[in-house]
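Structure, as structure tokens:
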Amino acid sequence: MLDNWFRARRRVHDLADVLRKRGMPLPAARSLYHDLDADPMAAAFTDWYVRQHGTEPDPEAVGALTLEWMEGTLPDTWHAISPHRVDFQLALINDWIPDHPITVAAKALLPEWVRWHGEQAGLAEHLIDRGVAVALGGVPVGSDCGGLRV
């Protein structure tokens, strides 16, 4: 993994050099951890949730879940719900303060959160169901890897 990390960094520098020589600078770098506007995603999820359930979800839990989900990811991947990503998000939430009301509410919302993202991405129902099953803690992620050890 570290070989690829360093190799990728080297290739980015090579690419930047070639583009600079052609007069095509790279776009300005921006952090994927700061200045996130989570409000549009939180509002869209809340609207969907109200239509599905007839009640509004806990806004603090939605806000916390939204920031955790968005942070460090590229905007074009915000709706990705691979079982591995869902498992990773669940692990992050499990590191929050146990039994805290926001932690409990976010974990309870996670399956619906995953379903909503899957619908936004236009995924087939069976793929959405796999992500939801992981969010519910019912399916080990390794079972999706077809012989790969994870």
Q: Using θ = phi - 60° and the Karplus relation 6.51 cos²θ - 1.76 cosθ + 1.60, list the HN-Hα couplings for region 49-59 in order, rounded to whole Hz, with x at every Gly or Pro.
A: 4, 4, 5, 6, 10, x, 9, 8, x, 4, x
Q) Separation between the Ala121 and Ala16 pseudo-spin-labels, each 7 Å from Cα along Cα→Cβ, expressed in nm? A) 3.0 nm
**Q.** Ranking of Ile97, Ile81 by count of other Cβ atoms within 10 Å, fewest first
**A.** Ile97, Ile81
Q) From the square roots a ≥ b ≥ c of the eigenvalues of the alpha-carbon gyration tensor of region 32-144, which class results: rounded (a/c under 1.5), prolate (a/b over b/c), or oblate? A) rounded
Q) Between His53 and His34, what is the label-to-label distance in nm when each label sits 7 Å out along the Cα-to-Cβ direction? A) 3.5 nm
Q: Could you pull out the trypsin sites (Lys or Arg not before Pro) across region 1-103 that fall in loop regions by DSSP (anything but H, G, I, E, B) with no more than 13 other Cβ atoms inside 10 Å?
A: Arg22, Arg30
Q: With θ set to phi - 60°, apply the Karplus curve 6.51 cos²θ - 1.76 cosθ + 1.60 along region 39-44 and write out the HN-Hα couplings as whole Hz, x wherever there is a Gly or Pro.
A: 4, x, 5, 4, 5, 5
Q. Once the Cα atoms of helix 83-94 and of the chain are each reduced to a long axis, what angle between those two axes, in degrees from 0 to 90 to the nearest 10, is obtained?
A. 70 degrees
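Mean separation of Cα pairs under 8 Å and 6+ residues apart, divided by the residue count of the chain: what relative contact order is that in percent? Don't skip to the end; give the middle numbers.
Working: 120 pairs, mean separation 29.1, N = 150.
Once divided by the residue count of the chain, the mean separation gives 19 percent.
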Q: Would you tally the net charge around Leu15, using a Cβ to Cβ cut-off of less than 12 Å, leaving Leu15 out, and scoring K and R as +1, D and E as -1?
A: +4
Q. All other residues with a Cβ under 14 Å from the Cβ of Trp48 taken together, and with Lys, Arg as +1 and Asp, Glu as -1, what is their net charge?
A. -2
Q.
How charged is the neighbourhood of Gly138? Take every other residue with its Cβ under 12 Å from the Cβ of Gly138, and add Lys/Arg as +1 and Asp/Glu as -1.
A. -1
Q. Which residue fluctuates the most in the chain, going by a Gaussian network model with Cα springs under 10 Å, if the choices are Asp47, Asp129, Asp17?
A. Asp17
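No value in this document is a laboratory result; all are computed from the given coordinates. Keep in mind that this is a model prediction, so the values were computed, not measured. Cβ sites come from the backbone with ideal geometry, for glycine too, and all protein chains shown count toward neighbours.
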